[in-house]
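Below: one structure, written as structure tokens.
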Amino acid sequence: MEEVLTVKANINENDLKALNSSFDNDYLGTWANLAKENIFFKETFNEILDESDKPHYKWFLGGKTNISYNCLDVHLKDKANKTALIFEDELGEAQTLTYKELHEKVVKFSAYLRDLGIRKGDRICIYMSLCPESIIAIQACLRIGAIHSVVFAGFSAHALRDRINELEAKLLITQNAFIRRNKKVELFKFAREALTENQSVTDLILFDRVTGDTELDEDTNALKKSLDIKIHKPIQDLLADKYADIQNLTTLEPEWLESNETSFILYTSGSTGKPKGIEHGTSGYILWAKLSTNWVFDLKDEDVYWCTADIGWITGHTYVTYGPLANGATQVIYEGAPNFPDKNQFWNLIEKYKVSIFYTAPTAIRAFEQWGLEHIEKHDLSSLRLLGSVGEPIGSETWKWFYENIGKSKCPIVDTWWQTETGGIMISTLPGVQTAKPGIAGPALPGIHAEISEDSLLHISKPWPSMLKGIYKNPERYKKAYWSLIEDSYLPGDLATIDEDSYICIGGRNDDVINISGHRLGTAEIETALAKHVSVLESAVVAIPHKIKGQGLVCFVVSNNNSGDLSNLLTAHIASEIGAHAKPERVIACAALPKTRSGKVMRRLLQDLAQGKDISGDISTLEDKSVLEAIKSRI
Ligand code: PRX
């Protein structure tokens with residue numbers, strides 16, 4: 001069905017053959033050559049891979065580099081006046097920044113951070129919306145070797161507080177508010193709450209994202225006064241004012257980090273109640289961010305690239321903040337919802353900016369499909385030449401809809417499988433060589449050894465440069481969660497099958513991690529949040545299929561609260577503990593949960609009930625069968 005890109009793709013059939021045979025002949029040597037060709041090292045590395053402390057593999061040992069330098073400075077000679085960022089918000093306010101302008105702002109901001117005492121290895125929490133200033137803040141941290149940890153702006157004060165506390169962050173960078181669907185989201189209010197009883201944060205930098213709102217200004221000032229930490233000038237002043245006069249500003253020497261020093265920590269959900277701080281290194285990460293962006297998206301100098309992910313998730317890191325910039329691309333960033341001010345919003349932007357590469361998530365595609373073709377047909381989408389999907393299985397029907405209605409049956413689709421932990425795309429077709437099969441991600445990328453075990457467990461059998469360094473402050477959890485089932489193989493937790501062409505089809509998760517609108521959450525995390533509520537004695541959370549979100553949550557709760565308002569109460573509680581994206585579809589009060597004789601909750605049975613199915617499988621271990629009947633009567 002789909003044509004491959006035959007016209008001068010960055011990777012053509014011969015390149016792919018050559019790359020694969022080079023990896024076959026000399027795996028490490030090939031990575032080393034790619035690193036030398038693609039990354040600027042201040043000091044070259046002296047060992048390609050150190051396996052002595054595996055699974056804490058170390059890549060490009062002894063090499064010194066800086067990620068921000070590789071994203072910005074390297075373009076100053078040839079691309080200084082090329083547009084790096086095209087930003088638009090939902091009110092239509094637009095702004096563009098060239099590589100030179102972006103570089104200047106990043107240098108200014110990093111000079112300020114250095115001046116206020118931030119040093120290599122310090123942790124900085126960033127709680128902001130997607131806008132140029134958040135990208136500048138991230139890049140500025142990288143430039144001075146401070147470890148940034150972005151917390152998605154949809155996360156609650158509680159979630160932010162937990163992350164700040166574990167990180168022992170010194171500085172919080174946040175903003176007064178942002179506007180989404182015409183509503184003010186007062187981020188600073190949440191941030192203020194998160195800082196209650198905080199021990200580590202000494203400094204706060206605020207971005208006055210929303211201006212001209214007296215009420216907001218008053219609230220913000222009052223909140224500022226209630227804080228006993230140093231509050232600096234707003235970002236816009238730091239970037240604009242005389243601070244530019246500081247010595248050596250334009251030549252501010254970046255901090256040269258050893259390849260394995262941490263660049264960022266991003267929290268993601270696992271199968272326990274506590275999210276994991278995924279720690280990424282420096283050289284290997286930026287190498288793969290750059291290469292995979294170039295190979296998979298076939299990025300050309302003239303392309304206008306748009307990835308719709310938020311900076312709060314890994315896609316917004318690798319394929320917004322790093323990969324496109326490392327390749328010197330022009331990219332669109334958009335702060336807002338796809339259906340505001342109306343359902344034309346994305347198509348307006350594609351038409352207006354002549355977007356050629358569009359990378360989004362199946363949950364968004366399913367929503368476009370439901371909103372109807374009338375929003376799409378009004379627009380000229382002929383600039384598009386490549387489409388991408390990420391975050392959850394796209395399914396063959398949604399794939400076909402995307403291909404026919406957005407790509408007009410002429411744009412290849414890359415269905416990219418990867419995770420926070422892998423740092424970059426691991427499985428995808430290459431658009432110049434391989435034809436996509438609807439709903440099937442594709443082969444492993446060159447250099448990536450993805451395999452499927454007999455029991456359908458996807459695993460990666462060789463270390464790769466952008467792999468996580470580990471879990472922050474928890475080396476044992478790192479080993480147990482990813483490396484304990486198959487010897488010397490990384491286990492992502494996904495199930496998959498592989499066909500005769502080595503195309504890998506991702507099935508679903510092998511653990512209790514679920515995917516709501518492409519957002520990863522653990523059922524145990526929701527249960528832990530529920531357990532904090534006085535009305536909850538016990539709970540079990542299961543996933544159900546959802547037409548738009550992919551999956552939704554159903555919470556079975558044993559409660560001492562018979563007020564009839566339990567559902568609203570607990571839905572609000574989950575939003576406040578985690579974030580609005582974790583809100584359940586249903587809360588079902590029950591007298592007891594189905595358990596085995598040894599007291600283990602039989603989630604499998606609840607899953608069947610939540611999905612309206614008959615109970616399948618063995619129930620001989622169930623202690624009390626009447627519990628099931630009682631729950632059934634409540635569904
Ligand atoms: O289950 C897989 C699913 O999303 C998980 C990773 O989530 P996260 O770390 O939040 O990163 C999302 C963006 C990379 C995976 O373990 N997933 C991701 N991409 C796909 C996918 N499932 C099927 N097909 C994909 N293309």
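The values are calculated or read from the model by the stated rules, or taken from the named source; none is laboratory data. In this text the structure is predicted, and so the values were computed from the model without any measurement. Please note: Cβ atoms are built from the backbone with ideal geometry, for glycine as well, and neighbour counts cover all protein chains shown. All accessible areas refer to the heavy atoms of the entire protein, side chains included, with ligands and DNA or RNA removed. Shrake-Rupley method; radii C 1.70, N 1.55, O 1.52, S 1.80 Å.
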Rounded accessible area of residue 237 (nearest 10 Å², 1.4 Å probe): 70 Å²
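Quickly estimate the mean residue ellipticity at 222 nm for the chain, helices only: each DSSP H run with n ≥ 4 gives -39500 (n - 2.57), and the total goes over all residues, rounded to 500. Could the numbers behind the result be given before it?
Values: 20 runs with 189 residues, N = 635.
So the helix-based figure for the chain works out to -8500 deg cm²/dmol.
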Segment residue 189-residue 36, length gained on full extension (0.36 nm per residue, minus Cα span): 50.5 nm
Tensor-based shape of the stretch 514-632 (alpha-carbon gyration tensor, a/c under 1.5 rounded, otherwise prolate or oblate): oblate
Accessible area of the stretch 404-544 belonging to carbon and sulfur atoms, whole % at 1.4 Å probe: 49 percent
Centroid-to-centroid separation of the stretch 523-546 and the stretch 587-635 [C-alpha atoms, Å]: 15 Å
Amide H partners (placed H, <5 Å) of residue 98, local residues excluded: 84
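Based on the mean of other Cβ atoms within 10 Å per residue, sort peptides 349-355, 549-555 so the most packed one is first.
Numbers: 349-355: 19.3, 549-555: 22.4.
With the highest mean Cβ count within 10 Å placed first, the list reads 549-555, 349-355.
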Reachable aspartates and glutamates from residue 437, criterion Cα separation under 12 angstrom, eight or more residues apart if same chain: 2, 3, 397, 415, 499, 501
Loop GluC sites (Glu not before Pro), the stretch 469-544, which have at most 13 other Cβ atoms in a 10 Å radius of their Cβ (DSSP): 487, 500
Length-normalised contact order for the chain - Cα pairs under 8 Å, 6+ apart - percent: 13 percent
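Taking all protein chains as present, what is the carbon and sulfur share of the accessible area of the stretch 87-246, in % to the nearest whole number, probe 1.4 Å? All intermediate terms of the calculation are to be shown ahead of the outcome.
Numbers: 2800 of 6170 Å².
Of the solvent-accessible surface of the stretch 87-246, carbon and sulfur hold 45 percent.
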Anisotropy class of the chain from Cα gyration tensor, a/c 1.5 cut: rounded
Residues residue 25 and residue 561, FRET efficiency given R0 of 56 Å [Cβ-Cβ distance, rounded to 0.05]: 0.25
Ordering of 92-101, 71-80 by packing [mean C-beta count within 10 Å, highest first]: 71-80, 92-101
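Per residue, how large is the accessible surface of the stretch 142-278? Use a 1.4 angstrom probe and give square angstrom. Kindly include the intermediate steps, with their values, before the conclusion.
Details: 5840 Å² over 137 residues.
Here the residues of the stretch 142-278 average 43 Å² of exposed surface.
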Ordering of 317-329, 463-475 by packing [mean C-beta count within 10 Å, highest first]: 317-329, 463-475
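For the stretch 514-632, report the accessible area per residue in Å² (1.4 Å probe, heavy atoms, rounded to an integer).
Details: 5330 Å² over 119 residues.
I get 45 Å² per residue for this part.
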Order of exposure, largest accessible area first, which applies to 456, 389, 616 with probe 1.4 Å: 616, 456, 389
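Taking each full run of DSSP H in the chain as one helix, which ones are at least 27 Å long along their axis (Cα atoms) and have mean Kyte-Doolittle hydropathy of at least -0.5? Present the calculation step by step, with values, prior to reporting the outcome.
Details: long enough: none.
Passing helices, by number: none.
Which percent, nearest 5, of DSSP beta bridges in the chain are antiparallel? Don't skip to the answer; put the middle values down first.
Details: 53 of 92 bridges.
Antiparallel bridges make up about 60 percent of those DSSP assigns within the chain.
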